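Read the figures in this text as sums done on the coordinates, not as results from a lab. A quick note: this is a predicted structure, and the numbers were derived from the prediction, not measured. Neighbour counts are summed over all protein chains in view; Cβ atoms, including those assigned to glycine, are modelled from backbone coordinates with ideal geometry.
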Amino acid sequence: MLKTGKDYKYAVFPPSQPVEYKIAPNDLMSFQIFSNDGFKLIDVTTISEGGGGGYLGRNQAASSLQYKVEFDGTVKMPLLGHVALKGLTVREAESFLEEKFSSFYNKPFVLLEVTNRKVTIFPGSEGAAKVVSLNNENTTLLEGLAEAGGISNSGKAYKIKLIRGNLQDPQVYLIDLSTIEGMKKADLVLQANDIIYVEPALRSANRVMSNILPYLTFVTTVILFVQFFSSKVP
């Protein structure tokens, strides 16, 4: 599974790695907007024809609204329509939306949170794949592996593949976590839909034995029966 050829050219990590999560297509985001630098919460579910939303008191709960980042990287927001957020960090997206909403509200204050970030991890043993939610905005490769239970006993710590981007033409990085030098790459921030694949060690002898064991058992049983009946014959 997920094998690469002998001369496969792995992607090269750029000199500087992103230190924050970046918004990607299919992300779901919770959205809240306040006025007066966060003094009053705006209920965007009651937007009037004049363009303004209702105000909620400081102790009132906000409407729980989810906004999806579409395939083209845009999000359909109240009053603004489709705005491009793909590739922005959450902080950058908040600042961008605050600037846009300043046309409608006094000193808008925006809070965003990506709620469905996840990665798929194959830790190096059969049947142990896990889908891990990225609850921490800046979850690293090492933390993701730890969430999945760590590298299995049969996994190769020196041959970990990070598969990122469009699966039709993905970027595949090779990471070696068996050395201190290789561990320097373990603090890279995971992005939504990353695939972490720990190559399992070959167990040819065990597989051969598991395949031929039923036949050996059958042959042994036949031999025992033959010997038993032979001993009964006068």
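Each Lys or Arg adds one and each Asp or Glu subtracts one; over the other residues with Cβ under 10 Å from the Cβ of E92, this totals 0.
The simple Förster model, with R0 at 25 Å and r as the Cβ-Cβ distance, assigns A11 and Q168 a FRET efficiency of 0.95. Phi angles of region 174-179 translate, via the Karplus equation with coefficients 6.51, -1.76, 1.60 and θ = phi - 60°, into HN-Hα couplings of 9, 10, 10, 9, 8, 10 Hz per residue; Gly and Pro are given as x.
Amide hydrogen proximity for K159: with H placed 1.01 Å from N in the peptide plane, the residues at 5 or more positions away or on another chain lying under 5 Å are L177, E199.
Relative to the current alpha-carbon distance between T179 and T120, full extension at 0.36 nm per residue lengthens the span by 18.9 nm. Local charge for P123 was computed over the other residues whose Cβ lies under 15 Å away, with Lys and Arg +1 and Asp and Glu -1, and equals -1. Hey, what did region 118-200 get for relative contact order, percent, Cα under 8 Å, at least 6 apart? Value for region 118-200: 41 percent.
With neighbour counts taken as other beta-carbon atoms within 10 Å, the residues F71, F122, F39 rank, fewest first, as F71, F39, F122. Ranking of R117, R91 by neighbouring Cβ atoms within 10 Å, starting from the fewest: R91, R117. Taking amide H as placed 1.01 Å from N in the peptide plane, V110 has its amide H under 5 Å from the amide H of F34, each at least 5 places away in sequence or on another chain.
A Cα-only calculation for region 118-200 places Rg and Dmax at 11.7, 33 Å.
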